[in-house]
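Just so it is clear, none of the values below were taken in a lab; they were calculated from the coordinates. As the structure is a computational prediction, the values presented were derived from the model and not from experiment.
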C-alpha cells in the first residue's frame, strides 16, 4: 500500500481508533466492567456498517471499520471476566478471614483493616481498576448486620455477601 493510501486509510479509521481507546480507558481502566461498551459497541458496529456501505466497496476499510468495535468489545468482555474472577476469589478470602476473626474474637471485625496481618497479609482489592475497585464492608454491633460487597458494574449493580445467611446476592 503506497504511503498516500495508507494515510488516507488511517484518516478513515482514526475516529474509530480514538473511540476504541476511549471505551477501553473508561470500561477497562476506570470501571473494570462492561457498563458502557455493552451499549456503545453494538451501536458503534451498526454505525460502522452503515457508514461503510455509504462510502463504497473498499473491502479492507469495511472490514477494519467493523472489526474495531468488535475487537474492542471482546477486549472489554475478557477484562470483565478477569475482573469478576479476581473479585470473587478475593471476596472468598475476605469472607474466610472475617469468619476466622469471628471464631477467635466472638464478633466480626469492625473494619477489614483489623484482619491484617493475622488473617490476611493485606486487604485485597475487588478489581484492578482506577474506579470503584475496593470491597465495601459494613459491620454493626447494634443491628448485628455484617455485609461485604463489591461493584460489579457501577453505579448500582453490586454483589453482596450476607454474613448472617452466609450467602451471596445481587443488589441493584
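Mean residue ellipticity at 222 nm from the helices of the chain, using -39,500 (n - 2.57) per DSSP H segment of n ≥ 4 over the full residue count, to the nearest 500 deg cm²/dmol?
Theoretical 222 nm ellipticity from helices: -18000 deg cm²/dmol.
Over the chain, what is the relative contact order in whole percent, taking alpha-carbon pairs under 8 Å and six or more residues apart?
Dividing the mean separation by the residue count of the chain yields 19 percent.
Run the numbers on segment 85-171 and let me know its relative contact order in percent, using alpha-carbon pairs under 8 Å that are six or more apart.
19
In cubic angstrom, how much convex hull volume per residue do the alpha carbon atoms of segment 40-102 span?
54
Identify which of 99, 141, 88 has the largest mean-square fluctuation in a Gaussian network model of the chain, with springs joining Cα atoms closer than 10 Å.
Between 99, 141, 88, it is 141 that shows the largest mean-square fluctuation.
Report the Rg/Rh value for segment 69-172, based on alpha-carbon coordinates and the Kirkwood definition of Rh.
Rounded to two decimals, Rg over Rh is 1.03.
From zero outward in steps of 5 Å, how is the percent of C-alpha pairs of segment 1-68 spread across the bins?
The percentages, shortest bin first, are 4, 16, 24, 22, 15, 10, 6, 3, 0.
In whole angstrom, how far apart do the alpha carbon centroids of segment 1-76 and segment 158-172 sit?
Centre-to-centre distance over Cα atoms comes out at 38 Å.
With viscosity set to 0.890 mPa s and temperature to 25 °C, compute the Stokes-Einstein D of segment 1-141, Rh being the Kirkwood radius across alpha carbon pairs; µm²/s, no decimals.
Answer from the Stokes-Einstein relation: 135 µm²/s.
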